[in-house]
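Please treat every number below as a calculation from the coordinates, not as lab data. Remember, predicted model here, so these are calculated numbers, not experimental data. Reconstructed Cβ throughout: ideal geometry from the backbone, glycine too, with neighbour counts over all protein chains shown.
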Amino acid sequence: AVEKTFVMVKPDGVQRGLVGEIIGRFERKGLKLVNAKLLQVPETLAQSHYAEHKERPFFGELVTFITSSPVFAMVLEGDSAISVARNMMGKTNPVESAPGTIRGDYGLTIGMNIIHGSDSAESAAREIELWFSNETIAYDKAVD
Ligand code: CMP
């Protein structure tokens, strides 16, 4: 089924100039970029986004990192977009990610693992609403 998923290039990926490369990989795969923005993440948004990790020892570090410099947030659409994007990213820990995946090719540490992608249909719906509410899907609007 056609799905939408939320994907974010984290501060390390933006600082390293990997945004174009990452968008290109998804586009060449056939996923459609339907919304995107570069933004400095407010602390409240970071805390909401990572709410499920609130009790983890690394939560503070995670919020500090994600708010440290701009991220590139996007919505991708396509058949099985959620799992396809996750597979292209590789495992959360870049050390365990296969070559050919984004983290496998460009990452080495779990904290600065370049990219985030929704892990389920529920997460995708929640994250798209959280990051892109009050904004219509740009592509849909342009073609309709
Ligand atoms: P992400 O997919 O964005 O979702 C939660 C994030 O927590 C994860 O990517 C990692 O970047 C981060 N994370 C997971 N485990 C650790 C850890 N042990 N130390 C620091 N960050 C972590």
Review point. Expressed as a whole percent, how much of the Cα-Cα distance distribution for the range 41-108 exceeds 17 Å?
Key: 59
Review point. In whole Hz, what ³J(HN,Hα) sequence does the range 101-113 give by Karplus (6.51, -1.76, 1.60; θ = phi - 60°), x for Gly and Pro?
Key: 8, 4, 6, x, 8, 10, x, 9, 10, 5, x, 9, 9
Study note, to complete from the structure: Summed over the other residues with a beta carbon less than 10 angstrom from that of residue 94, with K and R at +1 and D and E at -1, the charge totals 0
Check your understanding: For residue 44 and residue 96 in one chain, what is 0.36 nm times their gap in residues minus the Cα-Cα distance, to one decimal in nm?
Key -> 15.6 nm
Revision key, fill the gap. Length gained if residue 51 through residue 32 is fully extended, taking 0.36 nm per residue and subtracting the Cα-Cα distance, is 4.0 nm
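Taking the Cβ of residue 21 as the center, what net charge do the other residues with Cβ under 12 Å away carry, scoring Lys and Arg +1 and Asp and Glu -1?
Values: positive: 16, 25, 28; negative: 27, 105.
So the environment of residue 21 carries a net charge of +1.
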Review point. What are the principal axis extents of the Cα atoms in the range 70-135, in Å, biggest first?
Key: 37, 29, 15
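In units of 2.2 N^0.38 Å, what is the alpha-carbon radius of gyration of the range 1-80?
Values: Rg = 13.8 Å, N = 80, 2.2 N^0.38 = 11.6 Å.
Against the compact-globule rule of thumb, the ratio is 1.19.
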Review point. Any idea what % of Cα-Cα pairs in the range 1-134 are farther than 23 Å?
Key: 26
